[in-house]
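One structure is given here, and the rest of the page talks about it.
What follows is calculated from the coordinates using simple rules that are stated; it is not laboratory data. Everything numeric in this text was worked out from a predicted model, so none of it was measured. Methodologically, a virtual Cβ is constructed for each residue, glycine included, from the backbone with ideal geometry; neighbour enumeration extends over all protein chains shown.
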Amino acid sequence: MNREERLLSEMIRIRRVEETLADLYPSQEMRTPTHFSIGQEAVAVGVCAALRRDDVVYSGHRCHAHYLAKGGDLSGMVAELYGRETGCAHGRGGSVHLNDPEAGLIASSAILGQTMAVAVGTAMAFAMDGRDQMAVTFFGDGTVEEGIFHETLNFAVMRRTPVLFVCENNGYSTHTRLDVRQPAGVPIHARGASYGMPSRLVDGNDVFAVFDAARQAVAHCRRGAGPFFLECTTYRWREHVGPFWDYDKGYRSKAEVDSWVARCPIRRASERLIAEGSCTTDRIAAMERASQIEVDAAVAAARAAAFPAVEDLTLGTY
Amino acid sequence: MNREERLLSEMIRIRRVEETLADLYPSQEMRTPTHFSIGQEAVAVGVCAALRRDDVVYSGHRCHAHYLAKGGDLSGMVAELYGRETGCAHGRGGSVHLNDPEAGLIASSAILGQTMAVAVGTAMAFAMDGRDQMAVTFFGDGTVEEGIFHETLNFAVMRRTPVLFVCENNGYSTHTRLDVRQPAGVPIHARGASYGMPSRLVDGNDVFAVFDAARQAVAHCRRGAGPFFLECTTYRWREHVGPFWDYDKGYRSKAEVDSWVARCPIRRASERLIAEGSCTTDRIAAMERASQIEVDAAVAAARAAAFPAVEDLTLGTY
Amino acid sequence: MRRLTYGQAISEATVQCMAEDPNIFVAGIGVDDFKGIFGTTAEAFRRFGPGRVFDIPNGENAMTGIAIGAAAAGKRPLVVHPRNDFMFLCMDQLFNLAAKWRYMFGNRSGVPVVFRGIVGRGWGQGATHSQSLQALFAHIPGLYVALPASPADAKGLLVSALTGDGPVVILENRALYELEGEVPESLEKVPFGRGRVVRPGTDITIVGLSLMAYEAARAAEILVEHNVSAEVIDLRCARPLDAEIILTSLRKTGRLVVADTSWALCGVSAEVAAIAAEKGWSHLKAPVRRVTPPDCPAPVAKPLEDAFHPNPLTIAQACLDVLKAGVPLGARVTDVQATFAGPY
Amino acid sequence: MRRLTYGQAISEATVQCMAEDPNIFVAGIGVDDFKGIFGTTAEAFRRFGPGRVFDIPNGENAMTGIAIGAAAAGKRPLVVHPRNDFMFLCMDQLFNLAAKWRYMFGNRSGVPVVFRGIVGRGWGQGATHSQSLQALFAHIPGLYVALPASPADAKGLLVSALTGDGPVVILENRALYELEGEVPESLEKVPFGRGRVVRPGTDITIVGLSLMAYEAARAAEILVEHNVSAEVIDLRCARPLDAEIILTSLRKTGRLVVADTSWALCGVSAEVAAIAAEKGWSHLKAPVRRVTPPDCPAPVAKPLEDAFHPNPLTIAQACLDVLKAGVPLGARVTDVQATFAGPY
Ligand SMILES: Cc1ncc(C[n+]2csc(CCOP(=O)(O)OP(=O)(O)O)c2C)c(N)n1
Ligand SMILES: Cc1ncc(C[n+]2csc(CCOP(=O)(O)OP(=O)(O)O)c2C)c(N)n1
Ligand SMILES: [Mg+2]
Ligand SMILES: [Mg+2]
């Protein structure tokens, strides 16, 4: 596979995984509040493809795509959602606390903005040690309103830390539109720039555009030029938390959802590669089949795996 | 007195009060950590002169000048520093918790940024009730770095609250220079503007310039056009906390301090009014004498006043 | 009397108080959305509209200060947090300003701000979404800290909060929202700092608040089968905390078990045990026992979660241990949230 | 052995640990200025320079997360807060992330972040600058919470923190900074969770930590004149809390007084009393007594401040009350900070 195909297949894999889990979710076997990234895959895939394995990524509550795109172990993720001992957090953390340090996904957290600061700290440590690794933090448009966003960007700039801030702007914080939460005329990428760091706006549903922007950002951080800010516009298809569609709930219209489904990052990438002749519908179908087999196996393994032992309830505390 | 003279005499009064207290402070009778505003009087006086008595002001740890400029009771302030029952906080609050609701100085607090949000809440209440009062919050350049600054400005703009943010930029947070705390090329007034509200930079040692800018800002807030941001550049003459000069402590030079003493807001206002012929050295000397008599009386009264009774230790708690 | 669920009682108290007092407004993430904070703010939004029930940007610390400032100007803000865990972000405004306002500004006036924080429980809510922070709120003087365990108290304590003069934190356990009970139609206050006897008994006293008062009552049922008569006390408030009702019961039973939804160390369960050691010592016929979550964050896996939360069985077993009637309990109980279907 | 002040011991521990471990760095407001946090970071700055001892912008919550992230990458951050009261602003990062990190991420690794918070006392520090937050830090599982009362422990506990594997909060009472005592020159650790007998006795046990362990020892001196032999226990840590040392002493004395620098409700004093009620009940010959500040914020006026803080007299009087030797104490003691000259 060439790079373009790899970007596409990675998105397809994440989509297959999440749609499969979303279908199984109502059975109440995954007892953990889950925020699906369906529709937002291009941001995670485009950014992580520009990173090295030894670069690190921090995520928030909507962390599945980031975890998988960075190379996080699929069976560990699925088992975690099923609350099994084989989960990536041994069934202690759940959907919002995915982590796979070996793959560079250090931590995810369910409290808005927490990992923004943590990523800067890791980046600062890299710089102090003269290592050429860097850190990335993914966060949403709602997180921009938290005070820690401000403290963190200020600190990152003052210490020239090699950190990439990736704002995944899907237009909503839970059910609240961006325009009733943040001032008109102040786009998020402009806020990033207001701290004196380079900042770019990119179409977050165009995986190739995200990848190109991320490559530029990574080069900037890697050369010790300090932090970089990337705003990626995208859209959440499903409900804020949970597996269902929710355009009937009144806070957004079906037309709005449909308009974004029409801009599906996977469809767009597929159409472009097919048009360029660098990929075929058969190869894409094969990618989907392969991913489906992989996720089905992960689900089967998770369901067959043991729950943590009650005797280990306090394991890892003094 | 005409308005220009009143601005001058108010500054002189505050200076006399603070220099007198600074001279007495080493006697250890005022047992409360005290942050003097000596050298920064023009900001408090210029802004408060543009307000109505029923407008409200919130301050921080360096609150003496704001309290007096808004019309706070002098003897209540002095007695508070002496820890007496007659203090404006009945000896419970100390130098950093001055308040005189009747005069519109609702509260001061020693935790950076606290009262920025509080002022916005009060302004929001005014707007909800259709009252034409407004709120002002004074804070320093160091407070700009706190997360609550960001959350507060965002909220103020989104709700169009009639609040004036006055940043008293004296170039230091404790002993740390602004340039090692905030990004170069991002002046504080630009940060204010980055939230989509009008923002101005003004010479904080020119009481007339501050007054003019404040009048414009007040008009803006009063007409319901939302918040306004004012950055006033000025300088702290004495040590961060306490009565002494500290240019020998290494974090700033005597030359730097002297250059600002040369730009003393009182001297500048005096010289201008004398040059304009609208005031005389005699009248200025008279203002100083009158203020000295007033503060001496307040000190005498405070020292003669009773301490709070130990039986009342928990008064005001359930 | 007319019956309501715990959630309906909260909604009714909010609506009735807002109708009485035009200065009350409700602010918080999602208070105006289709979920309306599990239905507790939906009716208020319908009745009073966006002018008095409004969504806010994220930013917990500023919102708390904003509520304080509005209260200083005569408003009565009711701020809702979908999880009390988010309140770690506003502890400075809560503890260093709201709680100290009256005292440190010279006892001129208080700030009547009311904060509702919902305690998540179960269904994998996990480490940062199912804590129960009453001990933290109770330690620092200045706040009223209420934790209703019944629909009637959910209404009455909120009415006291919205008509009182001080800052109040009300913690509501999500597991109680569907609980039904009799609730007065009128605006009756339940005073802060006064507990209630949920069920009289003679052999042992079980003290709890919020969900643990409810679980203690279920434990008392189980104990009946073991010929143990347990008196169940619902403290209702963590601050002020009703020491008298505990001591009165101890005089009768001489034995004490305390259950809490939060950890033991420096928790409300410690305070209750300390009151017994300080003021009830002469009544005590046996050691006090605390029933709390173990000393670890809340896990996600179902078997761990089930073992993490105190329940009627662990409470009843503790009572039997204290009574040296150490029969291991055969009985099984259904989890208080057994019928709950996720996502949360 | 060689003597140092409490402040010098903190400085020495910092410098020696930094020399041993290049991953340790010190960050905080003013750690590099001429005051050097009451002298405790000045020598480290002189020795290791701005690369490892650096000032920071204001922004407590982010700095805490930054320290956590640095620790996740192998660093050992030592973050200093000139007042522990400012830590209300970073409780989310402390409690919802640092404390839970090891557990909620599956017990892979902890984050060795160390936070020093200084407790102001007296001289009009007032409501928001003289709190002592050990109870809050102790309630939530996951942190080590140390409160040294002696120069030797100030060094030894900091060494344990800077060489251990978990997040640690160390609270240092400003009133102890000038206290002198013997301090080992080498890098000896004082383990967390193990208290010490400050002074053996037979009639009554006085438990405290930080400044209260020191004041309890002064109280014991006073009690000698009343023919009372008091055993003084310094807990050293609020979490883990050494229950054994309390129970061992109770077995001997049967009587307990607990003194704490923070409030009673859900405080460390409540936990100690609860331990006695749960595990020491059979030893108790009298009610437990707590000696703490009254239920109000710290006032400023000198007479109120003097009445606010527990001192050797109030502790000694509580002991006499417990022993029913209720003689009112004539003795006067000089305040621990009597010679202190402000501004703070
Ligand atoms: C500090 C904090 N406040 C509130 C919440 C509740 N909450 C969870 S997700 C969410 C929306 C966040 O929006 P955004 O950052 O845009 O991420 P998205 O869900 O859109 O991916 C909110 C408000 C939280 N988890 N943490
Ligand atoms: C949240 C918080 N962090 C730190 C401090 C300690 N502190 C007191 S004053 C001060 C400097 C503030 O600088 P600035 O806002 O510019 O006000 P200035 O003293 O210059 O008037 C600091 C850091 C505090 N009071 N509150
Ligand atoms: Mg979003
Ligand atoms: Mg300043």
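With an 8 Å Cα cut-off and a minimum separation of 6 or more residues, compute the relative contact order for segment C:278-327 in percent.
40
From the label point of C:ALA338, set 7 Å from Cα along Cα→Cβ, how far away are the matching label points in the other copies, in nm, ordered shortest to longest? Copy-to-copy label distances at C:ALA338, shortest first: 6.8 nm. Within 10 Å of the Cβ of each residue in D:72-79, the mean number of Cβ atoms contributed by other protein chains is 5.
Only the Cβ atoms of Lys and Arg (+1) and of Asp and Glu (-1) were treated as charged; on that basis the dipole of segment B:164-267 about its Cα centre amounts to roughly 240 debye.
For segment C:181-327, a crude dipole built from +1 on the beta carbon of Lys and Arg and -1 on the beta carbon of Asp and Glu, taken about the Cα centre, is about 440 debye to the nearest 20.
Apply the a/c threshold of 1.5 to the C-alpha gyration tensor of segment A:91-184 and tell me whether it is rounded, prolate or oblate. Could the numbers behind the result be given before it?
Values: a/c = 2.58, a/b = 1.31, b/c = 1.96.
Since a/c reaches 1.5 but b/c is at least a/b, the shape of segment A:91-184 is classed as oblate.
Just to be sure I understand: with springs between alpha-carbon atoms less than 10 Å apart, which residue in A:ALA285, A:ALA69, A:ALA219 has the highest mean-square fluctuation in the Gaussian network model of chain A? Maximum fluctuation in the GNM of chain A, among the listed residues, is at A:ALA285. Backbone amide hydrogens, once placed in the peptide plane, bring A:VAL136 within less than 5 Å of A:VAL56, A:VAL57, A:TYR58, A:LEU164, excluding anything fewer than 5 places away on its chain.
The HN-Hα couplings worked out from phi for segment B:309-317 by the Karplus form 6.51 cos²θ - 1.76 cosθ + 1.60 (θ = phi - 60°) are 7, 4, 4, 8, 3, 9, 4, x, 10 Hz, whole numbers, x standing for Gly and Pro.
If you run the Gaussian network model on chain B, springs between alpha carbon atoms under 10 Å, then out of B:ALA190, B:ALA110, B:ALA275 the most flexible one is B:ALA275.
Within 10 Å of each Cβ of A:239-247, how many other protein chain Cβ atoms are there on average?
Average per residue, whole number: 2.
Here the Gaussian network model covers chain A, with springs between Cα atoms less than 10 Å apart; of A:THR161, A:THR174, A:THR122, A:THR174 fluctuates the most. Each Lys and Arg adds +1 at its Cβ and each Asp and Glu adds -1 at its Cβ; summed about the Cα centre, the protein assembly as shown shows a dipole of about 260 debye. What shape does segment B:213-277 have by the C-alpha gyration tensor, where a ≥ b ≥ c are the square roots of the eigenvalues, rounded means a/c under 1.5, and otherwise prolate means a/b greater than b/c and oblate the rest? Here segment B:213-277 falls in the oblate category. Within chain B, which is the longest segment containing none of the trypsin sites (Lys or Arg not before Pro) that sit in a DSSP loop and have at most 12 other Cβ atoms within 10 Å? After excluding every exposed loop site, the longest remaining stretch is B:54-222.
3J(HN,Hα) along segment C:233-243, derived from phi through the Karplus expression 6.51 cos²θ - 1.76 cosθ + 1.60 where θ = phi - 60°, amounts to 10, 9, 5, 6, 10, 8, 8, x, 9, 7, 6 Hz, with x in place of Gly and Pro. Report the calculated FRET efficiency for C:LYS279 and D:GLU244 (r = Cβ-Cβ distance, R0 = 30 Å), to the nearest 0.05. That gives a FRET efficiency of 0.70. Under a 5 Å amide H cut-off, with hydrogens placed 1.01 Å from N, C:GLU172 pairs with C:GLY117, C:ILE118, C:VAL119 among residues at least 5 apart or on other chains. For chain C, averaging the sequence separation of C-alpha pairs within contact (under 8 Å, six or more residues apart) and dividing by the residue count gives a relative contact order of 16 percent. Here the gap between B:ARG272 and B:GLU102, fully extended at 0.36 nm per residue and compared with their Cα-Cα distance, gives a gain of 57.8 nm.
In terms of surrounding Cβ atoms within a 10 Å radius of their Cβ, C:TRP101, B:TRP245 rank from fewest to most as B:TRP245, C:TRP101. Each of A:ALA275, A:GLY242, A:ALA89 was scored by the projection of its Cα onto the charge dipole of chain A, and the greatest displacement toward the positive side belongs to A:ALA275; charges sit on the C-beta of Lys, Arg, Asp and Glu. Relative to the current alpha-carbon distance between B:ASP282 and B:VAL180, full extension at 0.36 nm per residue lengthens the span by 32.2 nm.
What's the angle, to the nearest 10 degrees (0 to 90), between helix C:211-224's Cα axis and the longest principal axis of chain C? So the inclination is approximately 20 degrees. Secondary-structure-derived ellipticity at 222 nm for the protein assembly as shown, considering helices only, amounts to -11500 deg cm²/dmol, per-run term -39500 (n - 2.57) for DSSP H runs with n ≥ 4.
So for B:SER95, B:SER173, B:SER270, B:SER253, fewest C-beta neighbours within 10 Å to most, what's the order?
Fewest-to-most ranking of B:SER95, B:SER173, B:SER270, B:SER253: B:SER253, B:SER270, B:SER173, B:SER95.
Principal-axis analysis of the Cα atoms of chain C puts helix C:312-322 at an angle of about 50° to the longest axis.
Could you list B:PHE244, B:PHE139 in order of exposure, starting from the residue whose Cβ has the fewest other Cβ atoms within 10 Å?
The order, fewest Cβ neighbours first, is B:PHE244, B:PHE139.
The angle between the Cα long axis of helix D:6-20 and the main principal axis of chain D comes to about 40°, on a 0 to 90 degree scale.
Once you keep just the Cα pairs under 8 angstrom separated by 6 or more residues, what percentage relative contact order results for chain B? Can you show the working numbers first?
Details: 621 pairs, mean separation 75.9, N = 318.
Averaging sequence separation for qualifying contacts and normalising by length gives 24 percent for chain B.
By definition, a body whose alpha carbon gyration tensor gives a ≥ b ≥ c is oblate when a/c is 1.5 or more and a/b is not larger than b/c, and segment C:199-325 fits this oblate description. Taking segment C:154-186 and a reference point 7 angstrom along Cα→Cβ of C:THR339, the backbone N atoms nearer than 19 Å belong to C:173-183.
Measuring r between the beta carbons of B:ARG131 and B:ASP212 and using R0 = 30 Å, the FRET efficiency lands at 0.75.
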